[in-house]
Amino acid sequence: MDKNSIEPENTRLTKTVEGSAPILHILQASAETSSATTELPGGDHGLTVRVAPGDHAAELFKVCASLQEAAKYTSNDTQVKILSEYVESFTTGSIDAYRKSQKTWATDLSPRVESIFGFVEPDIRETCGLEDEASIPDFIYYVYLTIGTKGIDALASFNAEDQSWGDQHARGSFAILRHLLEDGGCTIAVDHSEGNLHVRVDCSKILSHGKPSLGRLLLRLHVWRCAADSEACREFYGRLSAVDGPFEAWRQAAIAAWSNESSSLVQLEPGSKIVQPNTILEGDGRVVLKLYDASDEDIIQ
């Protein structure tokens, strides 16, 4: 691969068998597609190695089109060159062109807006907590499991007497959970038995059902916010965050878990109030520090 300037950063490998002969297919990411493949010598192992360009071609075509459009809004010729070298790399699959872009990028000193591709820089990904790509499915599973547990915990802050939420973040957590339960195609489920709540996540449905469901939720809220359609948003969100039917029983279980006393409600601590002190200049020239209690009355003062 090195002799033919083919590198692992933008390739992946598949294997097929024709007759009894194994064939390795190197799929190279590029916007350019070709029905012809390049055959490489397989060495002493009796392998046939074929290189096929055009992997992820549809996605890279859109990326290149966007980069060409972005070049119209650059601040200098250096940035234009960086983007053109990006386009060359993503169009042809040349890693050398990408390396040229990085050398050019280093000469663009103190740009007002700076960007860099991190897919070939493992150190950048590690700073974001990603150390092992094989653990990504487990991490995604954990995120959906957390949606379930946080949504249930949030019910403890709901006051059934006046139908109000003590914490709007908790209300949002429950609304997300309820939306997935109703619209997520069984991606997530909650079993209630003998006062216990168990969250189950179907990993096989996260990408096919769970992710699109959350996308629909966010799109609705975003459109209503942009259009300032508070009436439609309030109706939708009010129903989604309503604690009715089986959710009231879940609320009781959540409260019992908080208090460990199923016979009584627990009074959760209200949200914290931060009241900053201020100084007052007295008539005699003295400066007095005025302190306040963490209460609504002192906030008004």
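Here, each number is a calculation from the coordinates, and none is a lab measurement. Note that the structure is a prediction, hence the values are computed from the model and not measured. Cβ sites come from the backbone with ideal geometry, for glycine too, and all protein chains shown count toward neighbours.
With no solvent and one point on each alpha carbon, what is the Debye value of log10 I(q)/I(0) for the chain at q = 0.10, 0.11, 0.15 Å⁻¹? Taking Cα atoms of the chain as identical point scatterers yields -0.91, -0.98, -1.19.
For region 165-251, build the convex hull from the C-alpha positions and give me its volume per residue in Å³. If you can, show how the numbers build up before the last one.
On the way: hull volume 8.7 nm³, N = 87.
Enclosed volume per residue, from the Cα hull, is 100 Å³.
Where only DSSP H runs of four or more residues are counted, the chain gives -13500 deg cm²/dmol as its mean residue ellipticity at 222 nm, each run worth -39500 (n - 2.57). Electrostatic tally near Leu155: other residues with Cβ closer than 15 Å to its Cβ, Lys and Arg +1, Asp and Glu -1, net -1.
About the Cα centre of the chain, how large is the charge dipole given +1 on each Lys and Arg Cβ and -1 on each Asp and Glu Cβ? Please answer in debye to the nearest 20. Don't skip to the answer; put the middle values down first.
Values: 27 positive and 45 negative charges, 155 e Å.
Dipole magnitude for the chain comes out near 740 debye.
Listed by Cβ neighbour count within 10 Å, with the fewest neighbours leading, Cys203, Cys233, Cys226 appear as Cys226, Cys203, Cys233.
With unit charges on the beta carbons (Lys and Arg positive, Asp and Glu negative) and the dipole taken about the Cα centre of the chain, which residue among Phe90, Val113, His192 sits farthest to the positive side? Looking along the dipole axis, the top candidate is Phe90.
Each other residue within a Cβ distance under 12 Å of Pro22 adds +1 if Lys or Arg and -1 if Asp or Glu, for a net charge of +1.
Footprinting exposure proxy ranking of Leu217, Leu47, fewest other C-beta atoms within 10 angstrom first, gives Leu47, Leu217.
Relative to the dominant Cα principal axis of the chain, helix 57-70 is inclined by about 70°. Would you mind checking the tilt of helix 95-106 against the longest principal axis of the Cα atoms of the chain, expressed as 0 to 90 degrees and rounded to 10? The answer is roughly 50 degrees. Just the number, please: percent antiparallel of the DSSP beta bridges in the chain, rounded to the nearest 5. Antiparallel bridges: around 75 percent, rounded to the nearest 5. Here Phe61, Phe174 are placed in order of increasing Cβ neighbour count within 10 Å, fewest first, which gives Phe61, Phe174.
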